[in-house]
Amino acid sequence: MGKGIRIGSLFGINIHIDWTWIFIFALITWSLSVALGQFRPDLDTGTAWGLAAFAALLFFASVLAHEMAHSLVARSQGLPVRNITLFIFGGVSSIEREPESPRNEFLMAIVGPLTSLVIGVILLFAVGARLPDAPDLLQRPQQLFEVIGLASMLGLWLGSVNMLLGFFNLIPAFPLDGGRVLRSIFWAITNNLQRATGWASAIGQGIAWVFIITGIAMAFGFRVPLFGTGVVNGLWLAFIGWFLNSAASRSYRQVVVQDILADVPVTEIMRRNPPVVPPDISVSALVHEHVMGSDDYGFPVMDRDSLVGLVTMQDVRGISRERWENVDVREIMTPRDELLTVGAEGDAAQAFNTLMQRDVRQLPVLEDGQLVGLLRRNDLVRWLQLHSESEG
């Protein structure tokens, strides 16, 4: 997933949509419009598509409620939440740190599925209260939908989908919510987050491979209870399995990284006395006198002894080569007040999170407002490689 497009904020948390969300939104809208056409042939095409798009938006609103529940509980525990992103598999909350205890992990994980289940129960109860006293109609969906009306049809679908969303997320396949609940139990038993994550990740990868194999079997014509058969259903289930397998492996690696970097000060890894450039040199001089002679991607910009900004290769690429002689570094650098920085007393684990989540390659290290070093992503990777090998 990329960073996505910001569409607004809720409770101070930015809401983004990934480009893959457009695909799944269109797919859900199309499938619902086809279903509406089958059950309500009296609807014209425009009305069917409009209702389908509205129902798809309501579905993603319920996904957003699911993720918002995670985020609000995380924030109540002091964990920073950067944003919520809606994408092809639903939604994900960008919570910047792991919870501090098994109890916090359990509460943060369980509240999402409970939110979906509550929404589902409320909608199904509301629709059920309007159903005619004719139990045999439940066996005849087309006649049922003709009787209950369009609003109840959408409520029945949305309630059922939320119930499915809640129960699916309770599957103990890390990093699904059920897998995180399982990890909280392992964590409470072992008092070791890395070991608990390893166990939960292994179980999650095992379940993911069951999904992959089952999906491939469905694509070749095998009928599986609840999932059915067919190439489209099978490939979709296999794709979900592949995603879960990758996410479980990645989540475990992240915890290992945090464990290695725990309590390591930034000053132990940072590059002291990094090469710096003045703000009034041309882009041409920057390239030929500094960039070409080093492996550095970014250079702190210093005016006498004060840090005034940071210039990177990306800034240089934004200027056509014909203008290099006529443009100064000051014009293309990122000013100091817009820079992400880290304090000299900071810990490397948090700095690594910042580098990865904000997709930057270096962080100026400041002490009492003065530049004392540069923490580069490459240096952190070398540190991780060295210590992961030495610790086996």
Gain on full stretching of the segment that runs from residue 34 to residue 370 - 0.36 nm per residue minus C-alpha separation
114.6 nm
FRET E, pair residue 323, residue 302, Förster distance 22 Å, beta-carbon r, rounded to 0.05:
0.40
What's the whole-number percent of alpha carbon pairs in segment 177-318 lying beyond 18 angstrom?
71
Taking R0 as 51 Å and r as the Cβ-Cβ distance between residue 331 and residue 256, the FRET efficiency 1/(1 + (r/R0)^6), rounded to the nearest 0.05, comes to 0.75
Rounding to the nearest 20 debye, state how big the charge dipole of the chain is about its Cα centre with +1 on each Lys and Arg Cβ and -1 on each Asp and Glu Cβ.
1080
Scale the Cα Rg of the chain by the rule-of-thumb value 2.2 N^0.38 Å and send over the ratio, two decimals.
1.23
For segment 5-170, percent of DSSP beta bridges that are antiparallel (nearest 5) comes out at 70
What is the set of long-range amide H partners of residue 171 at a cut-off below 5 Å, with H atoms built 1.01 Å from backbone N?
178
Give the relative contact order (percent, whole number) for the chain; include only Cα pairs under 8 Å separated by 6+ residues.
10
Karplus 3J(HN,Hα) series, Hz, for segment 177-188 with 6.51 cos²θ - 1.76 cosθ + 1.60 (x for Gly, Pro)
4, x, x, 6, 4, 4, 5, 4, 5, 4, 5, 5
For segment 5-170, what log10 I(q)/I(0) values come out of the Debye formula at q = 0.17 1/Å, with one point per alpha carbon and no solvent?
-1.04
Segment 330-392: proportion of alpha-carbon pairs further apart than 13 angstrom, %
66
If each residue of separation counts as 0.36 nm, what is the full-extension length gain between residue 23 and residue 232 once their alpha-carbon separation is subtracted?
73.7 nm
Of all C-alpha pairs within segment 191-261, those more than 19 angstrom apart amount in percent to 42
Potential extension, residue 44-residue 382 segment - 0.36 nm per residue separation minus Cα distance:
115.5 nm
Spelling it out for residue 373: with amide H atoms placed in the peptide plane at 1.01 Å from N, the residues 5 or more places away or on another chain with amide H under 5 Å from its amide H are 365
Residue 13's amide H: which non-local residues (gap 5+, or another chain) put their own amide H closer than 5 Å, with H modeled 1.01 Å from N in plane and none for Pro or chain starts?
none
Hey, with R₀ at 22 Å, roughly what FRET efficiency would residue 6 and residue 100 work out to, going by the Cβ-Cβ distance, to 0.05?
0.15
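Rule-based calculations on the coordinates, nothing more; no lab input. All of these numbers come straight from a predicted model, not from anything done at the bench. Backbone-built Cβ (ideal geometry, glycine too); neighbour counts: all protein chains shown.
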